[in-house]
1. So what are the ³J(HN,Hα) numbers for segment 147-160, from phi and the Karplus equation (6.51, -1.76, 1.60; θ = phi - 60°), rounded to whole Hz, Gly and Pro as x?
2. Lys/Arg Cβ at +1, Asp/Glu Cβ at -1, dipole of the chain taken about the Cα centre: which of SER42, SER83, HIS218 is farthest positive-ward?
3. Taking 0.36 nm per residue of sequence separation and subtracting the Cα-Cα distance, how much length would be gained by fully extending the chain between VAL306 and LEU268, in nm to one decimal?
4. Using θ = phi - 60° and the Karplus curve 6.51 cos²θ - 1.76 cosθ + 1.60, what whole-Hz ³J(HN,Hα) does each residue of segment 274-282 get, with Gly and Pro shown as x?
5. Which FRET efficiency value, to the nearest 0.05, do you get for LEU24 and THR100 by plugging their Cβ-Cβ distance into 1/(1 + (r/R0)^6) with R0 = 45 Å?
6. How far is helix 114-123 tilted off the main Cα axis of the chain, in degrees rounded to 10, range 0 to 90?
7. Round to the nearest 0.05 the FRET efficiency obtained for GLN228 and GLU124 when R0 = 22 Å and r is the Cβ-Cβ distance.
8. Using a 1.4 angstrom probe, figure out how much accessible area the chain has per residue, in square angstrom, rounded to the nearest whole.
Amino acid sequence: MPVLRTLFWGSLGALAWTHVGYPLAAGALARARERRVARDPSWRPSVSVIVAAHNEEGVIERRLENLLALDYPADRVEIVVASDASSDETNELVEAVAATEPRVRLLDCPRGGKVAAQDRAVRETGGEVVAFSDANARWAPDALDELVATLADPEVGYVCGRLQLEDAENGNREGLYWRYELWLRERESRLGSVTGGNGSIYALRRDAYVEVDPRWGHDLAFPYRMVQDGRRAVYEPTARAFERPTPTNETEYARKVRMFEHCWEITLRGSMLRRLPPGYFVAMLSHRVLRYGTGVLHLALAATSVVLAPTGWPYAVVLLGQLALLAAFAARVPIARYYVYVTWATAQALANYLRHGVPAAWDPAATR
């Protein structure tokens, strides 16, 4: 029984800390000891905007039109579509735009995954800043200006912007979670550096760019790599991008399983907790490692609460709480379904990863 009680209280405490305790602590500390960014809106370096694409014929023209309309000085921007062996009309559509717009260029890459295509594009471009976007996103007109102004601070190596998710039509509650995530990301940035980015809108100084294992992805690898290299990875909410989420909690579950497989790969093999300052180490452990482990923690909590429920009221209360969550899931309460799906996705992804690892290549999500 002592072992079961330790496992019960440990899993309950870890879940409470990652979901509630850490966000509250980060919010309080960010107010007390904010570390400001020395932004300079007048800095105008050359920028290479890179869009990795695989079979994006339905959105690539719209993406290029949006990037060509940015406020940033046109003579300081090049736009490169790194096509990861697209087999549809993506390449032809990009070449048609490039024929009339010299700022646009197609880079036809062999199939190797998103990160491999991005690496090649960085090697074959020359901008002082490299900026990245997904093919299905669109940027606000001043988005690039805001990213670059933040990178003017020599301590900042990486900056990600604010991705605003449009409302899903069929019940996906990703937008609600994402607003909470952005609130926490802003607090982490004020403290020093974020623990994660997003693929829709981010940029780096060229000399800060590092080539990582293609299975890891920039969203997870770049923030902690910046900190390990003595730089900051920050969040700039004024740099806005817009994207549709997947339409339902069920489709979001499939996307999350794929995403968490990569999360487990980088957590277990990416040296993400080495050579970090103490405060950032706690942030990575709290926001990333424990968050990825929520499925395993819930399974441990459920198993121990079933056994321990007859021995005391705290165990019975926790068991009833978990049963109530599952009942709400069965009753199709949207937020309960979202939480259960995403939590189970972390456990399913771990099982998948342990069975067959994780590939570097990817296919576009069904968000169009």
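The values are calculated or read from the model by the stated rules, or taken from the named source; none is laboratory data. These numbers were taken from a predicted model, which means no experiment stands behind them. Every residue, glycine among them, receives a Cβ derived from its backbone with ideal geometry; neighbour counts consider all protein chains shown. Heavy atoms of the whole protein, side chains included, go into the accessibility calculation; ligands, DNA and RNA do not. Shrake-Rupley method; radii C 1.70, N 1.55, O 1.52, S 1.80 Å.
1. Once θ is set to phi - 60°, the couplings for segment 147-160 become 4, 5, 4, 6, 6, 5, 5, x, 7, 8, x, 9, 9, 10 Hz.
2. Going by the Cα projections, it comes out as HIS218.
3. Details: separation 38, 0.36 × 38 = 13.68 nm, distance 3.00 nm.
Answer, rounded to one decimal: 10.7 nm.
4. With coefficients 6.51, -1.76 and 1.60, one gets 8, 6, 10, x, x, x, 6, 4, 4 Hz.
5. Details: r = 53 Å, r/R0 = 1.18.
Approximately 0.25, to the nearest 0.05.
6. Helix 114-123 sits at roughly 40 degrees to that axis.
7. Values: r = 26 Å, r/R0 = 1.20.
So the FRET efficiency works out to roughly 0.25.
8. Details: 15850 Å² over 368 residues.
Computed with neighbouring chains in place, this is 43 Å² per residue.
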